[in-house]
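Engineer: Have a look at this one.
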Amino acid sequence: MSSSQLYNDSHGRQTGFTLIELMISLVLGLIVSAAVIQVYLINVKTSSIQASASELQDASVFGLQQLEKKVRMANLGNPDTQIDDSKANGGIVLTGANLGITAYPNTGYLTRRSGDASVGTNGWSGISNIKDVPSDQLTIQYTNVTGAVIRDCEGAEAAVNETIIERYFLRQATGDTSAGAIKNLVLACNAGRVIKANGTQGATVSSTFGQAGQELIVNADQFKVLLGVQYSKGANAGQTMYLPSSAYVAMGTDKPAIVSIKMGLIAHGTTPVLGSQEQTTFTLLGQDNVLKTDTSNRKQVRTSYETTTLLRNARVVSVSTRL
């Protein structure tokens, strides 16, 4: 007979659990159950955070390293090491003159900031998951003077003496059908050829440029770019400052040379973190960003990355003035 059943003691009296004992047992059982559930939820949340952080580490950090590696190649093979928006073969492509094609019309394929003109079906559109702050686009070019075949950011072979152009921008992931305000975005790279190995150059860049490109970094929300410029003369000689591309182009004819690129990226993991409040505000390159409102409330881990890349193939020649 179990302890919960009534039984007769040696004096024939009927005994059992009292109401108070049952209530105490019930309360203790509930406390133990609540503790077990709490430990389980904490373990699930911790596991979700670790999984999401791992996704960010694998995709974003690795992708940014590859992006930095490519950006450092900008202006390779150009004998003119002072980069601006007017010199042919300039490593940072801001105008058609940088391509050696003065009348090149497709501004949507050049280095652009949010609010600038956009042209082309697969051109930069400024899409982002940040409220009222579109993304930027970075376009670079370099000549393969390594003496061996190399590969562009899409994996295509680039022969010796070919001039490669690459643009980095956000677009919606292939096959994404997101109905909410927050889209599934990727940082893509699109590459082409300005000058072929035989030295020929047409009125436009190669037909392989201006396409949707290959995915470089998945789960992106925002991509921003600033140009690092250094003055070679005047009161600001030797000083470096960072400007958006539109502000640099608007500076006039006597512009400082571009010596570095500062890039910022907001990215997220795909694993939802249960029981947590989704982060919605971020600071990127000194600018405040607020995530778009989405009824799906994905509760994904998001973080911002910033990196500054010096252009190894660019330098400033100081100009001294004798009194």
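The values are calculated or read from the model by the stated rules, or taken from the named source; none is laboratory data. None of the values given here were measured: they were computed from a predicted structure. Neighbour counts are summed over all protein chains in view; Cβ atoms, including those assigned to glycine, are modelled from backbone coordinates with ideal geometry.
Engineer: From the list 222, 239, which one is without any contact (Cβ under 8 Å) to a residue 40 or more places away in the chain and over 21 Å from residue 88 (Cβ atoms)?
Structural biologist: 239
Engineer: I'm checking my understanding of the structure. Among residues of the range 178-198 that are among the polar types (S, T, N, Q) and either touching a Cys at 6+ places or on another chain (Cβ under 8 Å) or closer than 20 Å to residue 135 by Cα (or both), which one is surrounded by the fewest Cβ atoms within 10 Å (Cβ to Cβ)?
Structural biologist: Here the answer is 178.
Engineer: Across the range 119-145, what is the number of residues that are of a type in the set (S, T, N, Q) and either loosely packed, with under 13 Cβ neighbours inside 10 Å or free of Cβ contacts under 8 Å to residues at least 12 places away in the same chain (or both)?
Structural biologist: Residues that pass the stated criteria total 1.
Engineer: Also, quick follow-up: Looking only at the range 167-201, count how many residues are more than 23 Å from residue 290 (Cα to Cα) and assigned to a strand (DSSP E or B).
Structural biologist: Result for the range 167-201: 8.
Engineer: Suppose we filter 85, 80 for residues that are acidic (Asp, Glu), over 15 Å from residue 171 (Cα atoms) and in contact with a helix residue (DSSP H, G or I) (Cβ under 6 Å, 6 or more places away or on another chain); which single one remains?
Structural biologist: On the way: 80 fails: in contact with a helix residue (DSSP H, G or I) (Cβ under 6 Å, 6 or more places away or on another chain).
Answer to the selection: 85.
Engineer: Is it true that some residue in the range 228-249 is surrounded by 16 or more Cβ atoms within 10 Å (Cβ to Cβ), outside any strand (DSSP E or B) and of a type in the set (Val, Ile, Thr)?
Structural biologist: Among the residues of the range 228-249, at least one is surrounded by 16 or more Cβ atoms within 10 Å (Cβ to Cβ), outside any strand (DSSP E or B) and of a type in the set (Val, Ile, Thr), which makes the answer yes.
Engineer: If I filter the range 120-178 down to residues being among the charged types (D, E, K, R) and closer than 21 Å to residue 302 by Cα, which single residue comes out as modelled with the lowest pLDDT? Quick ask: steps written out before the conclusion?
Structural biologist: First, the residues of the range 120-178 that are among the charged types (D, E, K, R): 131-132, 136, 151-152, 154, 157, 162, 166-167, 171, 176.
Still in the running and closer than 21 Å to residue 302 by Cα: 131-132, 136, 171, 176.
On the way: 131: 93, 132: 92, 136: 95, 171: 94, 176: 85.
Per the criteria, the residue is 176.
Engineer: Please go through the range 252-288 and pick out each residue that is at pLDDT below 90 and of a type in the set (A, V, I, L, M, F, W, C).
Structural biologist: 267, 273, 274
Engineer: Say whether the condition of being in contact with a strand residue (DSSP E or B) (Cβ under 8 Å, 6 or more places away or on another chain) and either at positive phi or among the polar types (S, T, N, Q) (or both) is met by at least one residue in the range 164-173.
Structural biologist: Yes, the range 164-173 contains at least one residue that is in contact with a strand residue (DSSP E or B) (Cβ under 8 Å, 6 or more places away or on another chain) and either at positive phi or among the polar types (S, T, N, Q) (or both).
Engineer: Return yes when residue 217 is in contact with a Leu (Cβ under 8 Å, 6 or more places away or on another chain) and in contact (Cβ under 8 Å) with a residue 12 or more places away in the chain and no when it is not.
Structural biologist: It is true that residue 217 is in contact with a Leu (Cβ under 8 Å, 6 or more places away or on another chain) and in contact (Cβ under 8 Å) with a residue 12 or more places away in the chain.
Engineer: Among the residues of the range 289-323, what is the count of those that are touching a Pro at 6+ places or on another chain (Cβ under 8 Å) and modelled with pLDDT of 75 or more?
Structural biologist: Number satisfying all stated conditions: 1.
Engineer: From the list 162, 157, 166, pick out the single residue that is without any contact (Cβ under 8 Å) to a residue 12 or more places away in the chain and touching a Lys or Arg at 6+ places or on another chain (Cβ under 9 Å).
Structural biologist: After applying the criteria, what remains is 157.
Engineer: With the requirement that a residue be in a loop (DSSP other than H, G, I, E, B), closer than 17 Å to residue 251 by Cα and in contact (Cβ under 8 Å) with a residue 40 or more places away in the chain, what does the range 87-114 give you?
Structural biologist: Residues satisfying the conditions are 93, 94, 95, 111, 113.
Engineer: So residue 63 clears everything in (1) under 23 Å from residue 218 (Cβ atoms); (2) at pLDDT below 75; (3) of a type in the set (Gly, Ala, Ser) except one condition, right? Which one?
Structural biologist: Among (1) under 23 Å from residue 218 (Cβ atoms); (2) at pLDDT below 75; (3) of a type in the set (Gly, Ala, Ser), residue 63 violates only (2).
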